[in-house]
Structure formats: structure tokens, C-alpha cells
Amino acid sequence: MISLATPASLTQHVTPLDAGSHVIAAAWPGGVPALALADGAVMLGVPGLQRRIDVHGGAGLLVAASTPGRLVTGGGDGRVCSLGATGEPAEIHRDPKGGWIDAVAASPTGSVAWSIGKRVTTCDDKGRLKTIELSSTAQGLAWFPKGYRLAIAHYNGASLWFPNTQTPPEFLEWKGAHLDVSISVDGRFVVTSMQELALHGWRLPSKPTEKVAHMRMSG
Amino acid sequence: MSDKIPVTVLTGYLGAGKTTLLNRILSEPHGKKYAVIVNEFGEIGIDNDLVVGADEEVFEMNNGCICCTVRGDLIRIIDGLMKRKGKFDAIIVETTGLADPAPVAQTFFMDQDVGDRARLDAVVTVADAKWLTERLKDAPEAKNQIAFADVIILNKTDLVTPAELDAVEATIRAINPAAKLHRTTKCALPIADVLDRNAFDLDRILDIEPDFLEEGHHHHHAEDIRSMSFEIRGDVDPDKFMPWIQDLTQVKGGDILRCKGILAFRNEPKRFVFQGVHMILDGDLQRDWRADETRVSRAVFIGRNLDREEIKKGFFATAA
Ligand SMILES: [Zn+2]
């Protein structure tokens with residue numbers, strides 16, 4: 001008789017977890033599993049050894065972004081916080097008016113960006129803050145790979161902004177409401193999701209003679 | 001649909017008493033918890049984690065039509081609130097005096113995520129008895145707010161004479177004959193008259209007052225927003241009615257602010273109830289016609305530049 005080894009099932013390695021609240025994001029800051037929860041807490045640690053860390057309290061945790069090193073959260077309390085493997089939350093910023101943090105983005109290079117309504121703020125690894133005001137609400141944020149340039153999705157297009165220069169943001173126009181944005185790993189493509197069931201993409205020029213090219217993806 | 005969170009939209013021109021009403025709703029002991037979407041922080045005197053600032057950002061949809069709009073901020077905020085479901089019983093959206101209620105209402109029909117999780121309970125408009133007539137002359141927003149209302153609170157009635165009050169009520173009725181109207185001072189009325197109205201629930205859509213049908217109709221030609229209501233004594237043919245109403249709302253959608261109706265379809269024991277906001281139409285078969293009810297088909301249209309004779313002819317041509 002030939003015995004066939006039973007193939008290992010992936011489900012044997014799955015541990016169900018009851019987070020007790022809507023999960024906004026899952027991340028591995030410093031290699032430790034972390035769940036960002038809508039009730040304002042972060043659940044940190046391996047199953048059985050978890051801790052609930054209250055980050056935003058009753059105002060709720062609204063948005064989160066992560067890098068290999070940390071989890072960055074934005075709350076209904078107007079605060080942006082960062083949390084690493086130790087679970088000690090550090091406040092990056094506190095909005096004096098306590099407005100909802102609508103979007104947050106984090107770059108592995110240490111830059112963080114967030115928005116409240118039309119105002120977008122960045123904080124680099126040295127803690128320097130830069131702010132711009134857009135003509136419509138910033139719906140989604142994404143850093144280019146090097147962490148120097150930020151893409152912002154908004155009504156009627158996306159803006160590409162270098163926070164450390166005086167140059168006004170480059171405007172990529174496309175009519176409609178753009179809800180979120182992501183950047184390809186080579187930094188050449190910007191793709192937004194839209195209020196209509198569609199994605200819109202832009203290919204950025206790689207040399208001065210090239211023009212921005214559009215990609216329409218409706219579904 | 002019962003697990004959808006009810007949303008009450010509070011409109012009214014500046015100074016009419018919206019904030020008074022909101023503070024009353026939030027401070028009275030009714031045992032309910034509300035999430036409140038406001039425009040100006042600090043105007044409401046209640047400390048609440050669930051008070052959110054909004055910017056009334058209107059998105060036009062990408063179909064090139066200016067009447068197809070949604071409130072982008074509302075989509076974002078309702079999405080954020082729904083992740084904390086269980087912490088509140090209902091949502092109240094306060095709009096500024098200059099806001100057009102149409103995009104707010106359309107958001108519940110045009111954004112699937114919002115429509116799946118929340119339902120528009122009623123548009124409640126607070127009107128100032130002393131100044132409304134003036135505002136209707138110079139502020140198109142004030143007219144839209146009256147036209148859109150399911151509930152109208154005619155406030156500050158102590159500042160006008162009984163004759164003036166009747167006159168302003170007649171003006172309101174010329175624009176919107178189908179809303180529930182309450183006369184108040186300091187917005188004092190039972191909260192149940194404002195919240196959980198189910199006015200957008202098709203089964204409970206307000207019955208159209210016969211007084212406002214055709215002959216009883218008030219003619220205030222000074223208003224560019226008019227309401228018109230028609231009644232067919234008997235059934236309509238759905239194969240004629242559906243294409244007609246779809247075509248009408250496609251062509252005239254920009255001018256039709258709202259439409260509502262209850263119809264008797266030929267060979268159909270249930271009442272067909274429909275309503276629309278601009279081009280968006282929603283309709284469904286609801287409860288059976290009761291034995292003591294006469295099968296009649298009624299429709300109301302509220303809008304600008306509507307040709308009454310043309311709509312009347314079109315509607316009557318759908319009779320079975
Ligand atoms: Zn339209």
C-alpha cells in the first residue's frame with residue numbers, strides 16, 4: 001500500500017478572534033498582530049495574550065494605515081496616533097477643534113499624512129508639520145514610495161503634493177467624486193476609486209516629453 | 001428594512017428655529033441616543049461623542065446631469081457612524097439655511113452603502129411664520145425646503161396675527177399640499193411628531209388630502225414652485241403608467257423636486273406606492289386595498305416650470 005500524506009489545510013492554522021467591534025484595519029506593527037477597532041481601541045498581541053489599548057476613547061477610531069513598524073490611527077476625537085509593537089500609543093497630532101480625521105496615510109520612511117475636511121497635514125520623521133487647504137474634501141491619501149510626495153483623492157480628480165516644497169500641488173483632473181487613492185510601487189501610476197462604480201488611473205510621465213495618460217476602468 | 005437606522009433631515013431657513021428644535025430633541029428625556037450631523041459646532045448645547053461636523057459637499061454624478069447629486073460628506077459620515085452601530089438609535093442631519101434638501105434625499109437612493117444601512121425617515125422643515133413669505137420671494141433655497149418637506153413646523157406663530165398665519169399657511173400649501181404641518185411657538189411640539197415618522201416608508205406615505213386635489217387647489221401663481229395633484233377614479237394600467245412616469249422623470253427630472261403617488265393597478269389587489277426625487281424613482285406594491293376603500297389612483301408632483309395640462313393629460317392617459 002502506498003500511503004498518501006494528507007495535505008495540510010490552511011484552516012488548521014487559523015485562529016478565530018472575536019474583536020467585539022467593527023475592525024477598521026489589521027496590521028503587524030513590529031511583527032505583532034494588531035486590530036484597529038471602531039470602538040476606539042487597538043487589540044494587540046497574539047491570540048490568548050491580547051491587550052485592548054484604548055486609543056481614541058468613545059469618539060471612535062475612524063481610519064488607520066500601517067507600515068512594517070507601526071500602526072497609525074485617526075479618530076473622531078481629532079487625534080492622530082501611532083502605535084508600535086510595545087503598544088504604547090503616541091499622539092502625533094491633536095486637532096484643536098476635534099474634527100473627524102477623514103483619511104490617514106503612513107510611509108515606511110516615517111512620513112504620516114492625515115486630513116480633516118479640506119485640510120491636509122503631513123508630518124515627516126523629524127516632526128515637521130506642513131498643511132494645505134484644498135478646494136474640496138480630501139477623501140483619500142497615499143504616499144509615493146519614497147515618502148516625499150503625497151497623492152490626495154478629492155472631488156473632480158487627485159492632487160500630487162510635495163509637502164517640503166513651495167510648489168503648488170499638481171492637479172490630475174477627472175470629473176466626479178474620487179474616494180480613495182493608491183500608488184503603484186514604481187510610483188508611475190495613480191489609481192483612484194470613484195463614487196460611481198469605477199476606478200480611474202493616471203500614468204505619470206517618465207520623461208518631460210510625455211503627457212499624463214488616463215485609464216478608465218468602469219464596472 | 002427594520003434594522004436600518006432612521007435618519008431625520010432638519011432643514012429651515014436661517015433663524016427659523018432649527019437649533020431650538022434640535023436642542024429640544026437632544027435634551028428631552030426620551031431614552032434615545034442620537035448621532036447628530038451639524039454644520040456649526042458649538043450651536044448645540046449637548047456634549048456628545050456622536051456630534052459630527054459636516055461641510056455640505058455636493059457631488060454631481062458622472063452622468064452629466066446636474067440634478068443627479070449626492071452629499072459626499074454624508075456618505076463618509078454615515079459610513080463612519082455605522083461602524084459604531086449600537087451606540088445610537090437614530091441619526092439627525094441638520095442642514096444650513098442655504099442647503100438644498102434634494103442631494104441629501106438622493107444620497108439615500110443613489111449610494112448603495114448608505115441605502116443599505118440607513119433609511120431617510122423624514123425631511124422636517126422649520127419655517128418662520130413672520131418671515132417665510134419674504135424668504136420665499138428672494139431665496140430659492142427656502143422654497144426648496146418647503147417643497148421637500150414631509151413635516152413642516154410653522155414656528156414663531158406668536159409673532160403674527162391669525163390672518164397672517166392663515167395666509168402663510170396657504171402659501172405653504174400652494175407649494176406643498178402633502179406635508180404634515182404643525183403650528184408652534186419655540187418649536188414646542190411632541191418629539192414624536194418630528195422623529196420616527198416613516199414618511200419615506202412607502203407603505204405610510206402620506207395620504208394626499210382630497211382638499212388639494214384639482215378643484216380645491218390653491219392657485220398662487222406668484223410661486224414658481226407649484227404642486228399639482230391628480231386623481232383617477234379607478235385603476236391605471238401599469239404597462240402605460242410605468243413607461244410614462246419613467247419618461248417624465250427622465251425628461252423633466254431637473255424640474256420635478258418630488259413626486260408621490262398611490263395607485264390602483266388593474267387586477268392588482270395591493271396598492272402601488274411610488275415616490276421620486278428628481279430623476280430617481282422608487283416604487284413598490286404595498287398593503288392590500290381595504291374593503292372600505294375606493295380604488296383610486298392619485299399622484300402629486302411638486303416642481304418648477306411644470307406644465308400642468310401636459311402632466312394631467314399624460315397621467316389620465318394611463319387609466320385602465
Ligand atoms: Zn438627473
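The values are calculated or read from the model by the stated rules, or taken from the named source; none is laboratory data. These figures come from a predicted structure and were not determined experimentally. In this analysis, Cβ positions are derived from the backbone assuming ideal geometry, glycine residues included, and neighbour counts consider all displayed protein chains. Areas reflect the complete protein model, heavy atoms only, side chains present, ligands, DNA and RNA absent. Shrake-Rupley method; radii C 1.70, N 1.55, O 1.52, S 1.80 Å.
What's the total number of residues in the range A:77-86 that are in contact with a helix residue (DSSP H, G or I) (Cβ under 7 Å, 6 or more places away or on another chain) and either surrounded by fewer than 22 Cβ atoms within 10 Å (Cβ to Cβ) or under 11 Å from A:Ala36 (Cα atoms) (or both)? Result for the range A:77-86: 3.
Restricting the search to strands (runs of 3 or more DSSP E) fully inside the range A:161-219 and requiring at least 1 residues that are aliphatic (A, V, I, L, M) and within 20 Å of A:Ala138 (Cβ to Cβ) gives A:170-183, A:189-194, A:198-203. When the range A:93-105 is limited to residues that are open to solvent by less than 20 Å² (accessible area, probe 1.4 Å) and touching a residue at least 24 places away in the same chain (Cβ under 8 Å), the one that is farthest from A:Ser136 (Cα to Cα) turns out to be A:Ala105. Of the residues that make up the range A:108-118, is at least one outside any strand (DSSP E or B) and closer than 24 Å to B:Asn48 by Cα? Among the residues of the range A:108-118, at least one is outside any strand (DSSP E or B) and closer than 24 Å to B:Asn48 by Cα, which makes the answer yes. Of all residues in the range A:146-153, none are closer than 28 Å to B:Arg71 by Cβ, over 18 Å from the mean Cα position of the chain (by Cα) and either away from every other protein chain (no Cβ under 14 Å) or crowded, with 16+ Cβ neighbours inside 10 Å (or both). Do we find a residue being more than 16 Å from the ligand (Cβ to nearest atom), out of contact with any strand residue (DSSP E or B) (no Cβ under 6 Å at 6 or more places or on another chain), in the same structural domain as B:Leu136 (by TED's automatic domain parsing) and of a type in the set (Gly, Ala, Ser) anywhere in the range B:55-68? No, there is no match, as no residue in the range B:55-68 is more than 16 Å from the ligand (Cβ to nearest atom), out of contact with any strand residue (DSSP E or B) (no Cβ under 6 Å at 6 or more places or on another chain), in the same structural domain as B:Leu136 (by TED's automatic domain parsing) and of a type in the set (Gly, Ala, Ser). Would you point out the residue of the range A:56-76, among those that are more than 14 Å from chain B (Cβ to nearest Cβ) and touching a Leu at 6+ places or on another chain (Cβ under 7 Å), that is least open to solvent (accessible area, probe 1.4 Å)? Restricting to residues being more than 14 Å from chain B (Cβ to nearest Cβ) and touching a Leu at 6+ places or on another chain (Cβ under 7 Å), the top hit is A:Leu71. Residues of the range B:144-185 that are among the β-branched types (Val, Ile, Thr) and free of Cβ contacts under 8 Å to residues at least 24 places away in the same chain: B:Thr161 alone. Against the conditions (1) crowded, with 23+ Cβ neighbours inside 10 Å; (2) not assigned by TED's automatic domain parsing to the domain that holds A:Ser184, A:Ala90 satisfies every one except (1).
Being away from the ligand (no atom under 16 Å from the Cβ), free of Cβ contacts under 8 Å to residues at least 24 places away in the same chain and either among the hydrophobic types (A, V, I, L, M, F, W, C) or open to solvent by less than 20 Å² (accessible area, probe 1.4 Å) (or both) is the filter here, so list the residues in the range B:244-275 that pass it. Within the range B:244-275, B:Arg271 is the sole residue that qualifies.
Scanning the range B:276-300 for residues that are in a strand (DSSP E or B) and within 16 Å of the ligand (Cβ to nearest atom) gives B:Gly276, B:Val277, B:Ile280, B:Leu281, B:Asp282.
Entry remark, the range B:58-76: residues being closer than 25 Å to A:Ile101 by Cβ and open to solvent by 10 Å² or more (accessible area, probe 1.4 Å) number 3 in total. Residues of the range B:81-100 include at least one that is at pLDDT below 95, within 16 Å of the ligand (Cβ to nearest atom) and assigned by TED's automatic domain parsing to the domain that holds B:Leu14.
Filtering B:Leu154, B:Leu165 for residues that are part of a helix (DSSP H, G or I) and more than 19 Å from B:Gly276 (Cα to Cα) leaves a single hit, B:Leu165.
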